[in-house]
Amino acid sequence: MKGVTIGNGAIVGSLSDVTRNIPPYAIVVGSPAQFIKWRHPEDIATRLEALAPTLPDFRSLSKRSWNATNPEALKSRVKSLP
């Protein structure tokens, strides 16, 4: 829906109808989407939100060629991201 924001780390169930903003790290399902529970305790969610600006944009990650069969190479590439 236009003008609705889905927070970082939120999980929206398949075929859910999101009609209002979803807070970070919430799990919602249904039509209309209803809050089910939080993914993390509040203290962990707060720390994750503080880290969010430093994490890579996953849309840019998908444009790169990542070899997930070599975990050490993948780990070093992720560490090198800004």
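Between LEU51 and VAL4, the distance separating the two model label sites (each 7 Å from Cα on the Cα→Cβ line) works out to 2.8 nm.
Multiplying the residue separation of LYS37 and ASP17 by 0.36 nm and removing their Cα-Cα distance gives an extension gain of 5.5 nm. Put simply, the amide H of GLY13, placed in the peptide plane, has neighbours under 5 Å in VAL28, VAL29, GLY30, leaving out anything fewer than 5 places away on its chain. Taking amide H positions as modeled 1.01 Å from N, with prolines and chain starts lacking one, the residues under 5 Å from ILE22 and 5 or more places away or on another chain are THR5, ILE6, GLY7.
Only the coordinates and a few stated rules stand behind these numbers; no lab work does. Every value quoted in this text rests on a predicted model; they were computed, and no experiment measured them. Heads up, the Cβs are rebuilt from the backbone with ideal geometry, glycines too, and the neighbour counts pull from every protein chain shown.
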